[in-house]
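Worksheet for the structure shown next.
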Amino acid sequence: MTFSLLTIILIVTVIVSLRAMNDNNLKEKMMFIPYLCKNENQSYRIFSHILIHADIPHLIFNMMSFYFLGQILEIELISKYGFFQGELHFLVIYLLGAMFATIIPFARHHDHSHYRSLGASGAVSAIVFAFILWNPTVELSLMFIPIPIPAYLFGALYLGFEYYMDKKGNTGIAHDAHLGGAIFGVLYILIINIEKGKDLLNLFF
């Protein structure tokens, strides 16, 4: 593992998550609670919730996705834009992806004091979909899909699944946050490199 921005984010997230799993007060203070963001000006929760996770499997799944695809994206951004600008792009995708992922949950639940969410899934979705748009033809092998499939096909299936599960509701998972993060990841790459969008369109036309 190289010492990079990704490494720092991963290590900090693991340390804080493990601590919060054994400290309910800390976990409660860091959760994304739209009601408190609106009524108590606790806007820090928009970002703090990405540092904590519900349990070990939740943490492992998010960090594995972040590491295996994020490290490739980070290297590619550095190669394209140079070290400092490349790392800045990576950080913006992760942090603003996390913020963008809270927009729909906030709109839905800012008057619901019981609503809580946690985890880096929205930020990780932004990284994953930035990677997909940058590398649409790379084949991905996933635990629940035993054969390699092109990244763009995985992206389409993922978005369809998340949309369906969000409409279904009552899953205990913030599917709307996953969708928000994914959308931001795609939009950001289009902003900094529109050619990647053209390359994706060329796959279909």
- Using a 10 Å cut-off on Cβ atoms, rank the peptides 120-131, 94-105, 72-83 from the highest mean neighbour count down. 120-131, 94-105, 72-83
- Message: Please compute the modelled spin-label separation between His114 and Leu18, points set 7 Å along Cα→Cβ, answer in nm with one decimal.
- Response: 3.5 nm
- Between Gln85 and Tyr163, what is the label-to-label distance in nm when each label sits 7 Å out along the Cα-to-Cβ direction? 3.5 nm
- For the stretch 83-205 the mean separation of alpha carbon contacts under 8 Å (6+ apart) over residue count, i.e. relative contact order in percent, is 35 percent
- Could you give the distance between the Cα centres of the stretch 1-60 and the stretch 68-96, to the whole Å? 21 Å
- For the stretch 22-142, what relative contact order do you get, as a whole percent, if you take Cα pairs closer than 8 Å and at least 6 residues apart? 38 percent
- Message: Counting pairwise Cα distances across the stretch 1-75, what percent come out greater than 14 angstrom?
- Response: 63 percent
- Reachable aspartates and glutamates, given that their alpha-carbon falls under 18 Å from the alpha-carbon of Lys27 and they are not under 8 places away in the same chain: Glu40, Asp55
- Item | Mean separation of Cα contacts under 8 Å (6+ apart) over length of the chain, as relative contact order % | 22 percent
- Pick out which of Phe61, Phe47, Phe90 has the largest mean-square fluctuation in a Gaussian network model of the chain, springs linking Cα atoms closer than 10 Å. Phe61
- Item | Only Lys, Arg (+1) and Asp, Glu (-1) charged, at Cβ; the stretch 5-204 dipole about Cα centre in debye | 320 debye
- Query: Which helices of the chain meet both criteria: a Cα extent of 15 Å or more along the helical axis and a mean Kyte-Doolittle score no lower than 1.0, with helices taken as whole DSSP H segments?
  - Reply: 5-21, 83-101, 121-134, 175-192
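Every read-out reported here was derived from the displayed coordinates using simple, explicitly stated rules and does not represent laboratory data. None of the values given here were measured: they were computed from a predicted structure. In this analysis, Cβ positions are derived from the backbone assuming ideal geometry, glycine residues included, and neighbour counts consider all displayed protein chains.
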